[in-house]
Amino acid sequence: MEIVESVEEIVESLEEIPVQNPQVEDFSWADLSWTKFGTSEHHDVVALIPYARVDEFIIGECSNAECPTRFHIERGRKRSRGSLKEYKSDEYLEYRLYWCSFGPENYGEGGGVLPSRKYRLNTRNRAARPQSMRGCTCHFVVKRLYARPSLALLIYNERRHVNKAGFICHGPLDRDAIGPGAKKIPYICNEIQQQTMSMIYLGIPEENVLEKHIEGIQRYCGSDATVNSLASQYVHKLGMIIKRSTHELDLDDQASIKIWAERNKKSIFFYQESTETDQFMLGIQTEWQLQQFVRFGHCSLVAADSTFGIKRLKYPLCTLLVFDSRHHALPVAWIISRSYLKSDVEKWMKILLQRAQSVEPGFKINGFIIDDAATEIDPIRDTFCCPILFSLWRIRRSWLRNVVKKCDTIEVQRELFKCLGEVVYSIWDGVDTSKAVERLTQDFVDQTAFMQYFTSTWLPKIGMWLSTIKSLPLASQEACGAIEAYHVKLKVKLFDDTHLGALQRVDWLVHKLTTELHSSYWLDRYADESDSFQNVKEDYIASTSWHRASEIQDSAVTLDSDNILFAKVQSQRDTDVTRVVWNPGSEFAFCDCAWSLQGNLCKHIIKVNTMCENREGYGDSMSLRSFKEKLRNIKMKPMDDSISLDLSMALTLQMFDQIKQLVQLSGTNDISNIVRDLPVKWACKKGRTTIGIPASIAAFTKKRSQKRKR
């Protein structure tokens, strides 16, 4: 039940609070407007209604669909008229404290004895179900006013049906309320449950969810009418729980996050509350994300989408990504914080690494990709001990979106975007970058809207960004496209028009990440690995521009050897449509398709740039230029005929051999040809039978063989 108080200011006089008389027969909290009454130090949430309609209000509260209950009178007091000579406007003639009948007598988690009694009552107005003392703290006060006996003042002290630990303790949303038929419910493993939840979160119709759910449980218990009936009840109940669940566990955002953190300790690897000395930090990683982190991050690359929602969200979101078997970006951890201090970043990074090494003791990563020049790289090097790469996708996307938005004609857009690329290329061409920036501002001085954006946003920090691009190796276009695809999907999920009012709440952000977004990626991976949900699998495979570019035939691309200013790509769906790619071969190529004009790296640019490689007249990509620059620096470093020269040569040759093997592996259609050329590695006779077998399995087979001999 999500209710927003209609008045935020505190009212100090009851005369200012209007009397409400809803037209419906039975009404509840949701039908009234509530006011804060009292002082700034102490105030209550109140409403005024006719005293004759108190019973109708209680009936409406008992009929709550999420938490159906009954309320009993826990405490009552009365005064006779004329007993007070002086009184305030809120003094009572009759006072009654109504408490939910699932009261806190169960001594459960967070439960306790009601304050008015120290023993258990066997009253008849308890809720009509056994073991009803569940620790519920929902209660309200009804005051019949002394000054105006025809009116009743409603004071709600706790409107949520939760125990003192903040957990929902009865009703359909209570996870422990399984029911009397729990022993007959068929076995539902975590995989089936996660599949069902993911489909519900993604809005798939209940009929389709039930069909897939029954297919899953039939693998364990076969087909049966009772099983199907119970499965239908399970799916329906799970759907109702998900539909009625809310991110708002408390009206206060900080308290709501604290309750969520207590409930989901397994999904949190780092949590730091906001204090005078420490900033708020929350690190989220579910068990499934940890598995994917170890599986695809070990001896591979990890990337960061570091500053999502820095302008619109209450706290920016940083996502750690790995590249799965199809080289798609997969979120394996979310960090919500405004702090980018070295000490704070180092805290959660070390804990995250320890969490992965607890699953895989030898876990390590071979590279970390950053996308922001202001990122602290010392914590990354100190924690992961790996090389750091830089991705250009963020600066390219930002520039392209503003070029399209602030420049009118497409001719100006493509020329301006090309000149921006020349500013970045100048760090390898030996051109003074300050002169390149000055020439850019002079040539396009008439584009006042863009120049105002560029000089105010980028000019103060362009030197830092270009220095970072030059000092770090650059990530490939495939990696940039995968990170950008995740960023776009995250933006669509979070910045929906229906959620704009909740952007400043952290509990809403956590709820969206751990439900809809997590379920979406889980179902994508499950569909791909199990070869099920063909439509989901096809959308997942085609979710990156790199894969969509691989489906374009080479014959659909036209490269003019005489005029290398542009290239043409024929559309695969409509052969009458042709896309024009200007400045081909560059990361700052400009395409006139709708996807590119939104600031994205489109499939036409990737296809054209791939075909421009090793062609005369086209330059190298930025990632290749950066790689050549690093090799050149290694070669130029030793100035004499010393051991340093030998070490540099050995490292260069080792790197060259690894790259050569990777190129052969990615370019061959028959892996047996590569295996045939590998050198034979001999092992001693004693351990030859256990080569490649884990130590635990080898020891087990050895013990079995010894036992067999005896």
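The values are calculated or read from the model by the stated rules, or taken from the named source; none is laboratory data. Quick caveat: nothing in here was measured; it's all calculated off a predicted structure. Glycine gets a Cβ as well: all are built from the backbone with ideal geometry, and neighbour counts include every protein chain shown. Accessible surface areas use protein heavy atoms only, side chains included; no ligands, DNA or RNA. Shrake-Rupley method; radii C 1.70, N 1.55, O 1.52, S 1.80 Å.
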Glu74 versus (1) open to solvent by 30 Å² or more (accessible area, probe 1.4 Å); (2) closer than 15 Å to Ile155 by Cα; (3) at pLDDT below 85; (4) touching a Phe, Trp or Tyr at 6+ places or on another chain (Cβ under 8 Å): which is the lone unmet condition?
(1)
Write out, first by first residue and then by second, each pair whose Cβ atoms fall under 7 Å of each other, whose residues are 6+ apart or on separate chains, and whose first residue, in the stretch 468-497, is touching a residue at least 24 places away in the same chain (Cβ under 8 Å) while the second is assigned to a helix (DSSP H, G or I) and among the charged types (D, E, K, R).
Pro473/Lys630; Glu484/Arg397; Lys493/Lys512; Lys493/Glu516; Leu494/Lys512
Restricting to the stretch 447-458, name every residue that is open to solvent by 40 Å² or more (accessible area, probe 1.4 Å) and closer than 25 Å to Leu474 by Cβ.
Thr457
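What do you reckon, is Gln194 out of contact with any strand residue (DSSP E or B) (no Cβ under 8 Å at 6 or more places or on another chain) and at pLDDT 50 or above?
Details: out of contact with any strand residue (DSSP E or B) (no Cβ under 8 Å at 6 or more places or on another chain): yes; at pLDDT 50 or above: yes.
The answer is yes for Gln194.
Report yes if Ala527 is surrounded by 14 or more Cβ atoms within 10 Å (Cβ to Cβ), over 23 Å from the mean Cα position of the chain (by Cα) and more than 26 Å from Phe368 (Cβ to Cβ), otherwise no.
Values: surrounded by 14 or more Cβ atoms within 10 Å (Cβ to Cβ): yes; over 23 Å from the mean Cα position of the chain (by Cα): no; more than 26 Å from Phe368 (Cβ to Cβ): yes.
Judged against the criteria, Ala527 is not a match.
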Among residues belonging to the stretch 137-151 that are touching a residue at least 60 places away in the same chain (Cβ under 8 Å) and in contact with a Pro (Cβ under 7 Å, 6 or more places away or on another chain), point out the one that is surrounded by the most Cβ atoms within 10 Å (Cβ to Cβ).
Leu151
Could you check the stretch 487-529 and list, in sequence order, the residues that are hydroxyl-bearing (Ser, Thr, Tyr) and either at pLDDT below 80 or in contact with a Ser or Thr (Cβ under 6 Å, 6 or more places away or on another chain) (or both)?
Thr498, Ser519
Helices (runs of 4 or more DSSP H) contained entirely in the stretch 382-446, each with at least 2 residues that are open to solvent by less than 80 Å² (accessible area, probe 1.4 Å) and at pLDDT below 90:
410-429, 433-443
Inter-residue pairs, beta-carbon under 6 Å, first farther than 29 Å from Ile59 by Cβ and in the stretch 73-90, second modelled with pLDDT of 85 or more and assigned to a loop (DSSP other than H, G, I, E, B), 6+ apart:
Tyr87/Tyr146
Report, ordered by the first and then the second residue, all pairs with beta carbons closer than 7 Å, sequence separation of six or more or different chains, a first member in the stretch 574-590 that is touching a residue at least 24 places away in the same chain (Cβ under 8 Å) and among the aliphatic types (A, V, I, L, M), and a second member that is part of a loop (DSSP other than H, G, I, E, B) and open to solvent by less than 10 Å² (accessible area, probe 1.4 Å).
Val581/Ala589
Is there any pair linking a residue in the stretch 50-62 that is open to solvent by 20 Å² or more (accessible area, probe 1.4 Å) to one that is acidic (Asp, Glu), with Cβ under 6 Å and at least six apart or on different chains, and which?
Glu56/Asp26; Ile59/Asp26
Segments classed as strands (runs of 3 or more DSSP E), wholly inside the stretch 264-342, with at least 2 members that are open to solvent by less than 10 Å² (accessible area, probe 1.4 Å):
281-284, 301-308, 317-323, 329-337
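Evaluate the following for Asp44: is it under 30 Å from Ile168 (Cβ atoms) and outside any loop (DSSP other than H, G, I, E, B)? Show your work before the answer.
Working: under 30 Å from Ile168 (Cβ atoms): yes; outside any loop (DSSP other than H, G, I, E, B): yes.
Answer is yes for this residue.
On the basis of being more than 37 Å from the chain's Cα centre (by Cα), polar (S, T, N, Q), surrounded by fewer than 16 Cβ atoms within 10 Å (Cβ to Cβ) and at pLDDT 65 or above, does Ser89 make the cut? Before you say what the answer is, go through the steps one by one.
Working: more than 37 Å from the chain's Cα centre (by Cα): yes; polar (S, T, N, Q): yes; surrounded by fewer than 16 Cβ atoms within 10 Å (Cβ to Cβ): yes; at pLDDT 65 or above: yes.
Criteria met by Ser89.
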Among the numbered criteria (1) crowded, with 20+ Cβ neighbours inside 10 Å; (2) of a type in the set (Gly, Ala, Ser); (3) not assigned by the TED database to the domain that holds Gln292, which single criterion is violated by Ala485?
(3)
Is it true that some residue in the stretch 17-35 is touching a His at 6+ places or on another chain (Cβ under 7 Å) and modelled with pLDDT under 90?
no
Enumeration of residues in the stretch 459-480 that are part of a loop (DSSP other than H, G, I, E, B) and either open to solvent by 50 Å² or more (accessible area, probe 1.4 Å) or out of contact with any helix residue (DSSP H, G or I) (no Cβ under 7 Å at 6 or more places or on another chain) (or both)
Leu472, Ser476
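Can we say Ser561 is over 34 Å from the mean Cα position of the chain (by Cα), open to solvent by 70 Å² or more (accessible area, probe 1.4 Å) and not assigned by the TED database to the domain that holds Lys418?
On the way: over 34 Å from the mean Cα position of the chain (by Cα): yes; open to solvent by 70 Å² or more (accessible area, probe 1.4 Å): yes; not assigned by the TED database to the domain that holds Lys418: yes.
Against the criterion (over 34 Å from the mean Cα position of the chain (by Cα), open to solvent by 70 Å² or more (accessible area, probe 1.4 Å) and not assigned by the TED database to the domain that holds Lys418), Ser561 qualifies.
Could you count how many residues in the stretch 521-549 are among the hydroxyl-bearing types (Ser, Thr, Tyr), touching a helix residue (DSSP H, G or I) at 6+ places or on another chain (Cβ under 8 Å) and farther than 12 Å from Ala485 by Cβ?
Taking the stretch 521-549 as the starting set, the residues that turn out to be among the hydroxyl-bearing types (Ser, Thr, Tyr) are 521, 526, 530, 532, 540, 543-545.
Keeping just the survivors that are touching a helix residue (DSSP H, G or I) at 6+ places or on another chain (Cβ under 8 Å) gives 526, 532, 540, 543-545.
Restricting the remaining residues to those that are farther than 12 Å from Ala485 by Cβ gives 526, 532.
Adding up the residues that qualify gives 2.
Starting from residues that are in a helix (DSSP H, G or I) and touching a residue at least 24 places away in the same chain (Cβ under 8 Å), keep the ones in the stretch 368-381 and report whichever is farthest from Thr319 (Cα to Cα).
Here is the first cut: in the stretch 368-381, the residues in a helix (DSSP H, G or I) are 378-381.
If we keep only those that are touching a residue at least 24 places away in the same chain (Cβ under 8 Å) as well, we get 378-380.
Numbers: Asp378: 18, Pro379: 16, Ile380: 15 Å.
Looking at residues that are in a helix (DSSP H, G or I) and touching a residue at least 24 places away in the same chain (Cβ under 8 Å), I get Asp378.
What do you reckon, is Leu210 modelled with pLDDT of 80 or more, open to solvent by less than 50 Å² (accessible area, probe 1.4 Å) and assigned to a helix (DSSP H, G or I)?
Numbers: modelled with pLDDT of 80 or more: yes; open to solvent by less than 50 Å² (accessible area, probe 1.4 Å): yes; assigned to a helix (DSSP H, G or I): yes.
So Leu210 passes the test.
When you check Glu484 against the structure, is it of a type in the set (D, E, K, R), more than 24 Å from Leu400 (Cα to Cα) and either modelled with pLDDT under 90 or assigned to a helix (DSSP H, G or I) (or both), yes or no? Quick ask: steps written out before the conclusion?
On the way: of a type in the set (D, E, K, R): yes; more than 24 Å from Leu400 (Cα to Cα): no; either modelled with pLDDT under 90 or assigned to a helix (DSSP H, G or I) (or both): yes.
No, not satisfied.
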For the stretch 488-524, which positions are of a type in the set (Val, Ile, Thr) and open to solvent by less than 20 Å² (accessible area, probe 1.4 Å)?
Val506, Val510, Thr515
Yes/no for Ile365 being within 25 Å of Met281 (Cα to Cα), in contact (Cβ under 8 Å) with a residue 24 or more places away in the chain and surrounded by 15 or more Cβ atoms within 10 Å (Cβ to Cβ)
yes
